[in-house]
Amino acid sequence: MARRIVYTESAPDPIGPYSQAVFVNGTLYVSGQIALDAFSNTLVTDNIKNETTQVMENIRAILAAAEMDFSNIVKSSIFLSDIALFPKVNEVYGSFFDENPPARETVEVAALPRNVNVEISVIAVR
């Protein structure tokens, strides 16, 4: 099994002992992304739509580093600090998929890293 660590400076550096993504056997496993802007190293938390957009842009950057895009995603996991945020997160999230969105689950959790409101991880296949 050949594993390749995927890294890009266009997405936030990991804040723990994990990789931005790992590519193995044609599948890319992207670690959960929060709304940390890689260039300014600041959190985007002014509102949930902007926060979700930053998360999705971080995912886009990692996908691009693996020569993929949103059409390669087959599974997403969305973690929310409050399930009441779901409609606005869903609206932004959905705008990144032209057609045939991936399988997904969305759950409310007790807390997220750096007290953000949304974290998203994805699995993509080439």
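All of the numbers you see were taken from the coordinates with simple rules; none came from a lab. Computed from a predicted structure; not experimentally measured. Backbone-built Cβ (ideal geometry, glycine too); neighbour counts: all protein chains shown.
Tabulated values for the structure
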item	result
Computed lengthening from PHE97 to ALA2, 0.36 nm per intervening residue step minus Cα-Cα distance	31.3 nm
Proximal charge balance of ALA38 [Cβ under 13 Å; K/R count +1, D/E count -1]	-3
Least to most buried among ASP69, ASP98 (fewest other Cβ within 10 Å first)	ASP98, ASP69
Charge tally in the Cβ shell below 11 Å around ARG126, where Lys, Arg are +1 and Asp, Glu are -1, ARG126 excluded	-2
Sparse-neighbour loop sites [chymotrypsin sites (Phe, Trp or Tyr not before Pro); the stretch 14-62; at most 12 other C-beta within 10 Å; DSSP]	TYR18, PHE39
Normalised contact order of the chain, rounded percent, pairs of Cα under 8 Å and 6 or more residues apart	31 percent
The stretch 6-74: GluC sites (Glu not before Pro) in DSSP loop, at most 13 other beta carbons within 10 Å	GLU9, GLU67
